[in-house]
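Just so it is clear, none of the values below were taken in a lab; they were calculated from the coordinates. All values reported here derive from a predicted model rather than from experimental measurement. Cβ placement follows ideal geometry from the backbone for every residue including glycine, while neighbour counts extend to all protein chains displayed.
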Amino acid sequence: GDRNPGQPEFLQAVTEVMESLWPYIESHPKYAEQGLLDRLVEPERVVMFRIAWVDDHGQVQVNRGYRIQHSMAIGPYKGGIRFHPSVNLSVLKFLAFEQTFKNALTTLPMGGGKGGADFDPKGKSPGEVMRFCQAFVSELFRHVGSDTDVPAGDIGVGGREVGYMAGMMKKLSNRADCVFTGKGLTFGGSLIRPEATGYGTVYFAEEMLKTRGRSFAGLRVAVSGSGNVAQYAVEKAMALGAKVVTVSDSSGTILDEDGFTQEKLAILMDVKNHHYGRVNDYAQRTGARFEAGKRPWHVPVDVALPCATQNELDADDAATLIRNGVLCVAEGANMPSTIEAVKAFEAAGILFAPGKASNAGGVATSGLEMSQNATRMSWPREEVDNRLLQIMKGIHAACLEYGTRPDGKMSYVHGANIAGFVKVADAMLAQGVI
Ligand code: NDP
């Protein structure tokens, strides 16, 4: 804490991981050597920079940009770019730290990183968004590269923004190699990448449900958020026979007791992806119920999939979900549950998966995009989707293997933290003190 003042999210993520690792390291003392843990909690490099750009009124705007290059131990730095007013050093350091373990869990050769800016895309014109992306890359380009650091999308950065950033990168570097993933299909993108995080979260949750002899078929599901991850989580949960009754954004929650359909999802996607609208606009177009300022967690459901942002599900929300009989909670977002909420779920014996396990399908498919680009090939939809499914099943199996605690209880939190750690730690030990 003393070394990282004013970084509560980073300390929260480190605390959660260290609580899992302590008992494991006590019985595996080689991991206490070579200053391994001290090195692991320190990003290899942090770049902070000024982004100056001119808005539609001719005014100069200044934002702050970041790239956290957390660990290259098992491959090039890899992780998304976030554009949101809440972006700061603490948030990005927590995300880069988590990313390192998550990427290790995918079994693909990717290190961990994260970046972004305190830019608010809401209300900006298309021209402003493009100029901002170009200004951002005019500094970022010197720190990234296909074998150095490969960014992707995250909150506020979707296909449109990745396209502008990849285009500027190409112009500045005079190279057409893979420096961004999440690209459009016409210039090197992978099929299934847009769907991958949401689909992967549902594939993971289905594996969790199987351990209790259940499946999504016939279950009631609450999804939070309505962006990239949430949309495809809704789609895949419906495809597996579930009834999805909520989505949300920072303005409130949509409650639809009849359940989502493909037609309703198409309207939500139109509102969110083409008009950058609010969920209330969706409610007005469909007649669904909109609850201003509310989160979805008061709605009785069997499965909860938080897919919006960090710390969006607290101890009170967890208590409500538990009281309403929730079976399974799988995080589509990064660290959406507070530490207290996670403890409550685990204490109540509810199937709970942390984002670094259940949302790893996005970055895994980014890894598949890198492979396709490196071989100048593109694989069919079914092939990428099947590899994604196999990777999610593999992560689930790794959680089971490492997550059984001395008291006999199974914890996905411990399993994901220890399995990811072992891979990164072994690679670090083999490469010496650097
Ligand atoms: P999007 O920008 O597409 O969507 C974000 C959604 O979350 C929006 O509905 C947004 O609502 C909501 N949201 C954001 N901030 C807040 C907030 N402070 N309070 C309430 N709601 C909020 O982002 P993604 O879907 O890509 O990302 C969602 C989460 O998933 C993030 O935690 C991200 O790190 C994680 N993730 C994403 C991956 C990907 O492949 N995209 C991969 C792995 C994890 P509003 O429009 O009102 O802001």
Query - Within the chain, percent of DSSP bridges classed antiparallel, to nearest 5 - result: 55 percent
Query raised in the report: Dipole of segment 256-408, Cα-centred, from +1 at each Lys and Arg C-beta and -1 at each Asp and Glu C-beta, to the nearest 20 debye?
Result: 300 debye
Report task. Taking the Cβ of each residue in I81, I192, I322 as the centre, tally the other Cβ atoms inside 10 Å and list the residues starting with the fewest. Result -> I322, I192, I81
Query raised in the report: HN-Hα J couplings of segment 402-419 from phi, Karplus 6.51/-1.76/1.60, θ = phi - 60°, integer Hz, Gly and Pro as x?
Result: 8, x, 7, 7, x, 7, x, 7, 9, 10, 5, 5, 5, x, 5, 5, 6, 4
**Report entry** Low-density loop positions, trypsin sites (Lys or Arg not before Pro), segment 108-209 - DSSP coil, at most 15 other Cβ in 10 Å
**Finding:** K122, R175
Query raised in the report: Percentage of Cα-Cα pair distances in the chain greater than 30 Å, rounded to whole percent?
Result: 39 percent
Query raised in the report: segment 164-265: D in µm²/s via Stokes-Einstein (Kirkwood Rh, Cα pairs, 10 °C, 1.306 mPa s)?
Result: 102 µm²/s
Report summary line: Once the dipole of the chain is set up from charges on Cβ (+1 Lys and Arg, -1 Asp and Glu), the residue from the list L185, V279, F352 lying farthest towards its positive end is L185
**Report entry** Whole-angstrom gap from segment 4-26 to segment 328-342, using each part's C-alpha centre
**Finding:** 16 Å
Query - Helical contribution to [θ] at 222 nm, DSSP H n ≥ 4, -39,500 (n - 2.57), averaged over the chain, rounded to 500 - result: -14500 deg cm²/dmol
Report summary line: Computed for segment 110-245: size of charge dipole around the Cα centre, +1 on C-beta of each Lys and Arg, -1 on C-beta of each Asp and Glu, debye to nearest 20, value 320 debye
Query raised in the report: With springs only between Cα atoms under 10 Å, which of G252, G355, G115 fluctuates most in a Gaussian network model of the chain?
Result: G252
Requested in this report: Using the charge dipole of segment 295-421 (Lys, Arg: +1 at Cβ; Asp, Glu: -1 at Cβ; taken about the Cα centre), state which of L321, V413, Y402 has its Cα farthest towards the positive end.
Outcome: Y402
Query - segment 286-294 - phi-based ³J(HN,Hα) in whole Hz, Karplus 6.51/-1.76/1.60, Gly and Pro as x - result: 10, x, 5, 7, 10, 10, 4, x, 9
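For Cα pairs less than 8 Å apart in space and 6+ apart in sequence, what is the mean separation divided by the residue count of segment 56-179, i.e. the relative contact order in percent?
Over segment 56-179, the number comes to 31 percent.
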Query - Under 19 Å from K356, Cα to Cα: lysines that are on another chain or at least 8 residues apart - result: K78, K93, K102, K114, K343, K393, K423
Report summary line: In whole Hz, the Karplus estimates of ³J(HN,Hα) for segment 11-24 (6.51, -1.76, 1.60; θ = phi - 60°; x where Gly or Pro) are 5, 4, 5, 5, 4, 4, 5, 5, 4, 6, 7, 3, x, 5
**Report entry** Selected from T107, T246, T375 as most flexible by GNM, with the chain as the system and alpha-carbon contacts under 10 Å
**Finding:** T375
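I need to check one value: relative contact order of segment 43-100, counting alpha carbon pairs closer than 8 Å and at least 6 residues apart, in percent.
Once divided by the residue count of segment 43-100, the mean separation gives 34 percent.
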Requested in this report: Provide, for segment 171-294, the number of lysine pairs with alpha carbons under 26 Å apart, each pair being eight or more places apart or on different chains.
Outcome: 14
Requested in this report: Quick one: work out the % antiparallel among DSSP beta bridges in segment 171-326, nearest 5.
Outcome: 55 percent
